[in-house]
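Everything on this sheet refers to the single structure shown next.
The values are calculated or read from the model by the stated rules, or taken from the named source; none is laboratory data. These numbers were taken from a predicted model, which means no experiment stands behind them. We place every Cβ from the backbone using ideal geometry, glycine too, and count neighbours over all the protein chains shown. For the accessible areas, the whole protein counts, side chains as well, though only heavy atoms, and no ligand, DNA or RNA atoms are used. Shrake-Rupley method; radii C 1.70, N 1.55, O 1.52, S 1.80 Å.
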Amino acid sequence: PTRVLASPYVRTVDTARIALTQAPYDLEILMDERLRDREQGLLEGLTPLGVRRRHPEEAARMKRLGKFYYRPPGGESWTDLALRLRSFYRDLEQDAAGERVLIATHDAIVVMTRYLVEGLSEHEVMEIEKTPVANCSVTRWRQNGDRMSAVSYNDCAHLTGAGVSPA
């Protein structure tokens, strides 16, 4: 990479630092709050069962609105995340044109990046979201003319090859 960006969360900055130990040169890790994980608000840390038990009115509202558009109190919808990422990628395209960029971030950001880059539908991205993005997995896109194309998604070969099981 020629540029490294990370969510401001400690675990993502640490992950970027670990990844950069393999680079033959020094790169500064730039943090961008738009790469932080999706805010869950009132539902933070709750499983779907926990939501139904503790906040049945929110479970009903999510069912009525659909997962893609539902915004928990104090949190973000998937569409809010898409807006945040559109801003991030527009700025990145302007600031880092032609560069190879490494981004250390969270599963929701990876999934919604697929939505934006690959032009997926709401249904397609919500199907993809059902399969967890593994910790420390690698997803890559490559610039092909004026479009990005997928190279790999949720790849853990570097972990299993090193005897580490993705969690």
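For this structure, a couple of remarks:
- Among 104, 82, 96: highest mean-square fluctuation, GNM of the chain, C-alpha pairs under 10 Å: 96
- With every protein chain in place, the chain: carbon and sulfur % of accessible area (1.4 Å): 52 percent
- Gap separating the Cα centres of the range 88-167 and the range 1-54, nearest whole Å: 13 Å
- Total formal charge among the other residues, if their Cβ is under 14 angstrom from that of residue 13, Lys/Arg +1 and Asp/Glu -1: -2
- Computed with a 1.4 Å probe over protein heavy atoms only, the accessible surface of the range 1-43 comes to 61 Å² per residue.
- Relative contact order [Cα under 8 Å, 6+ residues apart], the range 1-121, whole percent: 37 percent
- Placing unit charges on the Cβ atoms only, positive for Lys and Arg and negative for Asp and Glu, gives the chain a dipole magnitude near 540 debye about its Cα centre.
- Counting only chymotrypsin sites (Phe, Trp or Tyr not before Pro) that DSSP places in a loop and that have at most 14 other Cβ atoms within 10 Å, the longest clean stretch of the chain runs over 70-167.
- Calculation over all alpha carbon pairs of the chain in 5 angstrom steps from 0 returns a P(r) of 1, 7, 15, 20, 20, 16, 11, 6, 3, 1, 0 percent.
- Within the range 44-120, the proportion of Cα pairs with more than 16 Å between them is 60 percent.
- Of 27, 49, 85, the residue with the greatest mean-square motion in the GNM of the chain, using alpha carbon springs below 10 Å, is 49.
- Mean Cβ neighbour count within 10 Å, used as a protection proxy, ranking 50-57, 14-21 highest first: 14-21, 50-57
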